Amino acid sequence: LSGKTPPGPGLLGSFTQLKRVVSDFFRSRSAAEMISEKEGGLYQLNLGLSKICFINSRGFRDEAFLEKYHLFSDRGVESNKKQLPEELMQWRGTIRDNGAASEEARAFVNSTLKETSYLRTTVETQIEEAIAFFDDELTGAIPSDLVVPKMIFREHVLDVMTRIAFDTAGHRNTISGQWQFQKFFEDVDALSNSVLFQPGFISTVLPNTKVDDYETNLVGVAKYLKERAEEAIYTNRETSLVQRYSDFFLKRESSIAQPEDGWRLMYDFFTAGVNTVPEVITWDIYYLASDLDLQDKIRQEMKNFGTDVTYDDRTSLPRTMSFLTEVHRLRPVATLGIPHAASADGTIGGYAIDKETLIIPNHWAMHNDPADWQSDPQVFDATRFLKLNGNDLTFDSDKARIVTPFSVGPRSCPGQEVAAGPSF
Ligand code: HEM
């Protein structure tokens with residue numbers, strides 16, 4: 001293949017760098033800063049049998065994920081398959097698959113989570129109910145419950161998602177007084193402590209690393225969700241996402257996705273959604289708590305608008321939207337996204353990218369690129385996305401469009417619309 005090798009260290013330097021990146025991964029912001037430092041738009045670690053290419057600029061990211069999506073939308077499943085035990089593979093969620101299986105799952109996602117009428121009816125109703133429940137819970141909360149706000153938001157988001165997935169509330173287990181999802185949270189935390197949510201990332205690049213706890217926890221979460229999904233289908237909860245999945249594939253007579261695979265999709269939704277939204281809400285609260293003037297201005301904007309502000313009113317709330325967008329910009333939850341992989345040899349920016357190279361989009365670098373954000377990208381500025389239209393203060397949606405915490409292209413986050421509601 002013609003084209004030069006992307007910039008990056010040689011074999012020895014690559015392993016040293018990888019060790020630093022991996023040991024820092026869950027403080028992935030600093031890992032991302034480290035990778036983008038002086039490295040330019042593309043940076044590759046050459047690990048002999050495998051290569052990891054970090055994309056640090058919007059231009060290269062758009063080339064790979066939009067223009068050449070057919071080459072760079074895989075999840076690297078083939079190389080993972082060589083490393084992962086058979087038992088773990090069967091628990092994998094459907095839309096992390098590649099090729100036809102992934103397209104089938106996407107067809108379903110597009111007919112539900114991205115479909116306005118479904119979002120307006122089922123999803124919004126479930127979110128409203130979850131918010132009412134959340135309000136009651138917060139009012140009754142004792143101060144010590146509030147010590148770890150992320151836990152509270154996470155329970156809220158889990159409630160939202162349980163309602164959407166299984167059409168049942170994720171409420172307190174009155175017998176033990178514990179959240180019935182405690183075990184699930186522990187599993188999700190254990191997952192987060194391993195490297196990325198991507199099964200096999202570590203075992204792909206460092207084949208002898210032990211990932212036992214990680215695997216046990218993946219299987220634990222999957223078994224739990226499978227039981228809930230079967231219960232929802234058995235009791236015929238029509239508005240549950242899992243029931244819709246089943247109906248969708250019964251009609252479609254697909255040879256790839258089967259109705260009983262619905263729980264696998266739920267597995268993806270829960271592992272991808274339960275930690276991300278609370279993370280954003282926690283940063284929202286952090287920035288509001290550190291700036292009383294900002295709090296006042298946002299409160300005032302809501303007061304001026306009138307009572308009962310809903311997500312639909314967001315376009316009339318420029319200060320609120322600018323603030324929320326700035327949090328997404330400076331604190332992208334999936335700082336380094338979820339790795340993609342090259343399904344064949346190709347090029348990005350004229351550089352040769354070999355088949356099976358892991359492609360990691362560095363959202364932090366894109367959101368801090370001085371080319372887009374002038375001299376002060378690392379400063380939190382809640383007014384960054386405001387502009388004057390005549391005498392009116394408006395939300396600069398063109399500028400906001402280059403904030404992409406959900407990534408771009410056919411493989412971008414399918415939960416974006418669902419995430420926006422509860423966090424707003
Ligand atoms: C603020 C919250 C969230 C952020 C910032 C976020 C971000 C992301 C990103 C960056 C990706 C990788 C996209 C790519 O590889 O190109 C992703 C994938 C994914 N997200 Fe989200 N996400 C959020 C919430 C959610 C929610 C609530 C759900 C479920 C309803 C969800 C479901 C998924 C799934 C299933 C994938 C995998 C898609 C695939 O492999 O094709 N996410 N998300």
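The values are calculated or read from the model by the stated rules, or taken from the named source; none is laboratory data. Computed from a prediction, not measured in an experiment: that's the story for all the values here. All Cβ positions, glycine included, derive from the backbone under ideal geometry; neighbour counts span all protein chains shown. We work out accessible area using only protein heavy atoms, side chains counted, and drop any ligands, DNA or RNA first. Shrake-Rupley method; radii C 1.70, N 1.55, O 1.52, S 1.80 Å.
Side notes on the structure shown:
- About its Cα centre, the dipole of the range 252-333 is roughly 200 debye, where the only charges are +1 on Lys and Arg Cβ and -1 on Asp and Glu Cβ.
- Under-5 Å amide H pairs with I348, H placed in peptide plane, nonlocal only: I353
- Span from the the range 324-391 Cα centroid across to the the range 403-424 one, whole angstrom: 14
- When each of K4/K114; K251/K355; K68/K226; K114/K399 is checked by Cα-Cα distance, pairs over 28 Å: K4/K114; K251/K355; K68/K226
- Sequence-distant residues sharing a close amide H with L42 (under 5 Å, placed H): N56
- Per-residue Karplus couplings for the range 228-244, computed as 6.51 cos²θ - 1.76 cosθ + 1.60 with θ equal to phi - 60°, are listed in order as 5, 5, 5, 4, 5, 6, 4, 8, 6, 7, 4, 7, 5, 4, 5, 5, 5 Hz, Gly and Pro entered as x.
- From phi via Karplus (6.51, -1.76, 1.60), per-residue ³J(HN,Hα) for the range 264-271 in Hz, x at Gly/Pro: 5, 5, 4, 4, 4, 4, 5, 5
- Close amide H pairs (under 5 Å, H built 1.01 Å from N) link S50 with no residue at least 5 positions away or on another chain.
- Long-range tail of P(r) for the range 355-424 (Cα pairs > 17 Å, %): 60
- With every protein chain in place and a 1.4 angstrom probe, the accessible-area ranking of F153, F60, F54, largest first, reads F60, F153, F54.
- Estimated vicinal HN-Hα couplings, Hz - the range 301-308 in sequence order (Karplus 6.51, -1.76, 1.60; Gly, Pro = x): 4, 5, 4, 4, 5, x, 7, 6
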